[in-house]
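Below is one structure; the comments refer to it alone.
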Ligand SMILES: Cc1ncc(C[n+]2csc(CCOP(=O)(O)OP(=O)(O)O)c2C)c(N)n1
């Protein structure tokens, strides 16, 4: 058996590597966006791509999100596979008209004649001390739009594997990159990028028997930390990382909740009208007779994303999760 | 020393890095819209082109009349007529090579038909049986775009992609005067100019965006002038003069094909009918204005030229009209048949691989349809942990 030299990689590097490998594997893959070329993106995810593949394959576009995504639509119509970068979550909003009216619907409008294999990378979410408009969690808008896949990695391997899958997908994928995990590290074999579960499968990151934490993206590490802390309270928590909101893996989620009988949904976007409501409803519909307590939600407050010095009060942390877990002792309380 | 004296001592120099990006003069449109018909230049026009334009214009007019009639019979949900604008529609279709692409707005059904699309398929959107009734690749006609100006960046992206692949393809995108106020118009023109994409934008300035006149839409000297700010040439053309529109568009397309980049063409025309059959145009414009424009009718302009040059006699004219009549009769007959719809199509084209959620919903609908067919009262109740949705 040969020993492989594992090297540490950050999530940002893994994403860059996925772009590079996808571009090398398929000349139809084009990366475009603001500052993605010479600068390598403000988070350096596209670092080196313009040098390796040229300006035509990794293009600094004019500063116009609707134009970027609209041009990508036309490029995809002509057989390319554009991967666009929206510089920050809140700056993707000017492109919503293109996203919702065209990207999400073109396959449907044309009865499958004109699929649009576009990947829309969005650095998203808070926790990096960003000023206004740099920390939004926008997944609820995307998941409410039929025709889009909505994917969010939480680990370095998933960042690589899910992005390769997203680019290979014949459907448009909104690929949400948790900003505060960009610098998270993992060790991997750079010669043999990891195989991952395909888009649409949730993964049990930690198994446990007392309750399930259902989460995704930036909240996955927080839930894992909470699960460790909960051991002291005698709780053995299972953590399910959804990895994608669309498609949604009802099977894995319901199987977990049927085992544990209790569930908490954790995400940092607002709770009202947020993904947690949908997930709680789905779990309730499927697992009602197995539930020992109502499905609870731990979410960000229903406020515009707060200024950086206050964001720690907004983001769901270990204590809030543990508090919810405590409230799962439903019978004892009622 | 007085302030004035100090000023005099100051010799202004430009900021170190400044230089003009490009000379604006060659980009500026002519003062008046380009015309051919009714001028001396008309004598030079190829008779074959005149005849071709005439045939298509007559067909186009007849098509507009027929489609409008179909709305009155309830066969179409709505029809935005292009009566009065046929010269633009027809020229847009005729100037393109087969490999080129047309990006129409919702008013441009006629351009799509003139490009070769089956008239019935072109009306599917407006009849309401599907959003796009044709395969866009077949005639290289993008889906008719309802959100204004959003098709323009698509045209830019497609033209850009074609050039990257080394293909000799040009995209022609149509937009209304109101659509030029949208952000997507700006972004598309800017991208096109920066990328030198082989794309031509044709604005059909028909005077109104529903009820709003051009004066309330823009303060620009003309819509063609907008081109200069992007660094592309702007051209003004009489949009009712089919020969002039054909000429200007052909030049712009040749320029794009040769690597010269985009052009913005403004065709000055007029919407004779109301915005759609559902609109009341008398609320925002007077009859006399409409009558003035009727005197400058695109079909008549070509017909007069052909007749004066002795290229069209009564028999030839009748043949053209008969051909248009046959097209209309065929359209009427086929549109009077109810389309056969498959409800399962609702789920067929949402994703390449349907999500588990859609598969569940699909089987729910199938069960409902089966129950309907059986005459039973509907699908059985779902248990609390049943299929759900
Ligand atoms: C983004 C968007 N806003 C509003 C509308 C509703 N609408 C449909 S047509 C129209 C007027 C368009 O005018 P213009 O661009 O001049 O084209 P025309 O109808 O004259 O061909 C409006 C406001 C729309 N279709 N899309």
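If you check residue A:295 against the conditions, is it buried (at least 20 other Cβ atoms within 10 Å of the Cβ) and farther than 30 Å from residue A:88 by Cβ? Explain how you work it out, then say what you get.
Numbers: buried (at least 20 other Cβ atoms within 10 Å of the Cβ): yes; farther than 30 Å from residue A:88 by Cβ: yes.
For residue A:295, the condition - buried (at least 20 other Cβ atoms within 10 Å of the Cβ) and farther than 30 Å from residue A:88 by Cβ - is met.
Give the residues of the range A:167-203 that are surrounded by fewer than 16 Cβ atoms within 10 Å (Cβ to Cβ) and at pLDDT 95 or above, sorted by residue number.
A:170, A:183, A:201
Tally the residues that are within 16 Å of the ligand (Cβ to nearest atom), outside any loop (DSSP other than H, G, I, E, B) and either touching a helix residue (DSSP H, G or I) at 6+ places or on another chain (Cβ under 7 Å) or within 14 Å of another protein chain (Cβ to nearest Cβ) (or both), restricting the search to the range B:257-290.
3
For (1) closer than 17 Å to residue A:215 by Cβ; (2) more than 10 Å from chain B (Cβ to nearest Cβ), each residue gets a yes or a no:
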{"residue": "A:93", "(1), (2)": "no, yes"}
{"residue": "A:111", "(1), (2)": "no, no"}
{"residue": "A:128", "(1), (2)": "no, yes"}
{"residue": "A:150", "(1), (2)": "yes, yes"}
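Taking the condition outside any helix (DSSP H, G or I), within 29 Å of residue A:58 (Cα to Cα), out of contact with any strand residue (DSSP E or B) (no Cβ under 6 Å at 6 or more places or on another chain) and away from the ligand (no atom under 12 Å from the Cβ), does residue B:166 pass? Working first, answer last.
Values: outside any helix (DSSP H, G or I): yes; within 29 Å of residue A:58 (Cα to Cα): yes; out of contact with any strand residue (DSSP E or B) (no Cβ under 6 Å at 6 or more places or on another chain): yes; away from the ligand (no atom under 12 Å from the Cβ): yes.
Against the criterion (outside any helix (DSSP H, G or I), within 29 Å of residue A:58 (Cα to Cα), out of contact with any strand residue (DSSP E or B) (no Cβ under 6 Å at 6 or more places or on another chain) and away from the ligand (no atom under 12 Å from the Cβ)), residue B:166 qualifies.
Per-residue answers, yes or no, for (1) in contact (Cβ under 8 Å) with a residue 12 or more places away in the chain; (2) loosely packed, with under 11 Cβ neighbours inside 10 Å; (3) at positive phi; (4) more than 16 Å from the ligand (Cβ to nearest atom):
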| site | (1), (2), (3), (4) |
| --- | --- |
| B:15 | no, yes, no, yes |
| B:35 | yes, no, no, yes |
| B:39 | no, no, no, yes |
| B:60 | yes, no, no, no |
| B:70 | yes, no, no, yes |
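I'd like the full set of residues that are surrounded by fewer than 21 Cβ atoms within 10 Å (Cβ to Cβ) and under 15 Å from residue B:199 (Cα atoms), limited to the range B:126-162.
Result: B:140, single match.
Given B:346, B:311, B:306, B:249, which one is surrounded by fewer than 18 Cβ atoms within 10 Å (Cβ to Cβ) and more than 14 Å from every other protein chain (Cβ to nearest Cβ)? If you could, list the steps in order and put the result at the bottom.
Numbers: B:346 fails: more than 14 Å from every other protein chain (Cβ to nearest Cβ); B:306 fails: surrounded by fewer than 18 Cβ atoms within 10 Å (Cβ to Cβ); B:249 fails: surrounded by fewer than 18 Cβ atoms within 10 Å (Cβ to Cβ).
It is B:311.
Residues of the range A:225-249 being part of a helix (DSSP H, G or I), closer than 16 Å to residue A:260 by Cβ and at pLDDT 95 or above, which ones? Can you show your working first?
Of the range A:225-249, the ones part of a helix (DSSP H, G or I) are A:225-233.
Then drop every residue that is not closer than 16 Å to residue A:260 by Cβ, which leaves A:226-227, A:230-231, A:233.
Across the range A:225-249, the qualifying residues are A:226, A:227, A:230, A:231.
Sort out which residues of the range B:326-379 are closer than 21 Å to residue B:132 by Cα, without any contact (Cβ under 8 Å) to a residue 24 or more places away in the chain and in contact with a helix residue (DSSP H, G or I) (Cβ under 6 Å, 6 or more places away or on another chain), and write them in order of number.
B:347, B:349, B:350 - these are the residues of the range B:326-379 that are closer than 21 Å to residue B:132 by Cα, without any contact (Cβ under 8 Å) to a residue 24 or more places away in the chain and in contact with a helix residue (DSSP H, G or I) (Cβ under 6 Å, 6 or more places away or on another chain).
Could you please give the count of residues in the range A:188-224 that are in contact with a helix residue (DSSP H, G or I) (Cβ under 9 Å, 6 or more places away or on another chain) and either over 18 Å from residue A:299 (Cβ atoms) or part of a loop (DSSP other than H, G, I, E, B) (or both)?
23
If you take the residues in the range A:254-276 that are in contact with a strand residue (DSSP E or B) (Cβ under 7 Å, 6 or more places away or on another chain) and in a helix (DSSP H, G or I), which one is nearest to the other protein chains (Cβ to nearest Cβ)?
Out of the qualifying residues, it is A:257.
Residue A:106: over 21 Å from residue B:191 (Cα atoms) and either more than 11 Å from chain B (Cβ to nearest Cβ) or crowded, with 23+ Cβ neighbours inside 10 Å (or both), yes or no?
yes
Return the only residue of A:28, A:72, A:92 being under 30 Å from residue B:123 (Cα atoms) and in contact with a strand residue (DSSP E or B) (Cβ under 7 Å, 6 or more places away or on another chain).
It is A:72.
Does residue B:259 satisfy the condition of being crowded, with 21+ Cβ neighbours inside 10 Å and at pLDDT 95 or above?
Against the criterion (crowded, with 21+ Cβ neighbours inside 10 Å and at pLDDT 95 or above), residue B:259 does not qualify.
Checking residue B:30 against (1) without any contact (Cβ under 8 Å) to a residue 24 or more places away in the chain; (2) exposed (fewer than 14 other Cβ atoms within 10 Å of the Cβ); (3) under 25 Å from residue B:204 (Cβ atoms), only one condition comes out false. Which one?
Looking at each condition in turn, residue B:30 falls short on (1).
Looking at (1) under 17 Å from the mean Cα position of the chain (by Cα); (2) over 20 Å from residue A:312 (Cβ atoms); (3) away from chain B (no Cβ under 14 Å), which is the only condition residue A:202 fails?
Against the list (1) under 17 Å from the mean Cα position of the chain (by Cα); (2) over 20 Å from residue A:312 (Cβ atoms); (3) away from chain B (no Cβ under 14 Å), residue A:202 comes up short only on (3).
Would you confirm, using the coordinates I've provided, whether residue A:47 is more than 10 Å from chain B (Cβ to nearest Cβ), farther than 20 Å from residue B:190 by Cβ and at pLDDT 95 or above?
Answer is yes for this residue.
What number of residues within the range B:142-158 satisfy the criterion of being facing another protein chain (nearest Cβ under 7 Å) and in a helix (DSSP H, G or I)?
Here the count works out to 6.
In the range B:327-338, is there at least one residue being at positive phi and in a loop (DSSP other than H, G, I, E, B)?
Within the range B:327-338, none of the residues are at positive phi and in a loop (DSSP other than H, G, I, E, B).
Pairs, please: C-beta under 8 Å, at least 6 apart or cross-chain, first residue more than 9 Å from chain A (Cβ to nearest Cβ) and in the range B:167-193, second buried (at least 24 other Cβ atoms within 10 Å of the Cβ) and at pLDDT below 95?
Correct list of pairs: empty, since none qualify.
When you scan the range A:27-42, do you find a residue that is within 29 Å of residue B:131 (Cα to Cα), within 14 Å of another protein chain (Cβ to nearest Cβ), free of Cβ contacts under 8 Å to residues at least 24 places away in the same chain and buried (at least 21 other Cβ atoms within 10 Å of the Cβ), even just one?
No, every residue in the range A:27-42 fails to be within 29 Å of residue B:131 (Cα to Cα), within 14 Å of another protein chain (Cβ to nearest Cβ), free of Cβ contacts under 8 Å to residues at least 24 places away in the same chain and buried (at least 21 other Cβ atoms within 10 Å of the Cβ).
Going residue by residue through the range B:93-104, is there one that turns out to be facing chain A (nearest Cβ under 10 Å) and away from the ligand (no atom under 13 Å from the Cβ)?
yes
Tell me, which helices (runs of 4 or more DSSP H) wholly within the range B:97-141 include 1 or more residues that are touching a strand residue (DSSP E or B) at 6+ places or on another chain (Cβ under 7 Å) and free of Cβ contacts under 8 Å to residues at least 40 places away in the same chain? Quick ask: steps written out before the conclusion?
Details: elements: B:109-114, B:119-122, B:124-127, B:136-139.
Hits in the range B:97-141: B:109-114.
For residues that are within 14 Å of the ligand (Cβ to nearest atom) and buried (at least 22 other Cβ atoms within 10 Å of the Cβ), tally how many sit in the range B:203-225.
Selection size over the range B:203-225: 6.
Among the residues of the range B:185-196, are any modelled with pLDDT of 95 or more, more than 16 Å from residue B:249 (Cβ to Cβ), part of a helix (DSSP H, G or I) and within 11 Å of the ligand (Cβ to nearest atom)?
The answer is yes, given that some residue of the range B:185-196 is modelled with pLDDT of 95 or more, more than 16 Å from residue B:249 (Cβ to Cβ), part of a helix (DSSP H, G or I) and within 11 Å of the ligand (Cβ to nearest atom).
The values are calculated or read from the model by the stated rules, or taken from the named source; none is laboratory data. On a predicted model such as this, the values are computed, not experimentally measured, just so you know. FYI the Cβ positions are ideal-geometry reconstructions off the backbone, even for glycines, and counts take in every protein chain you see.
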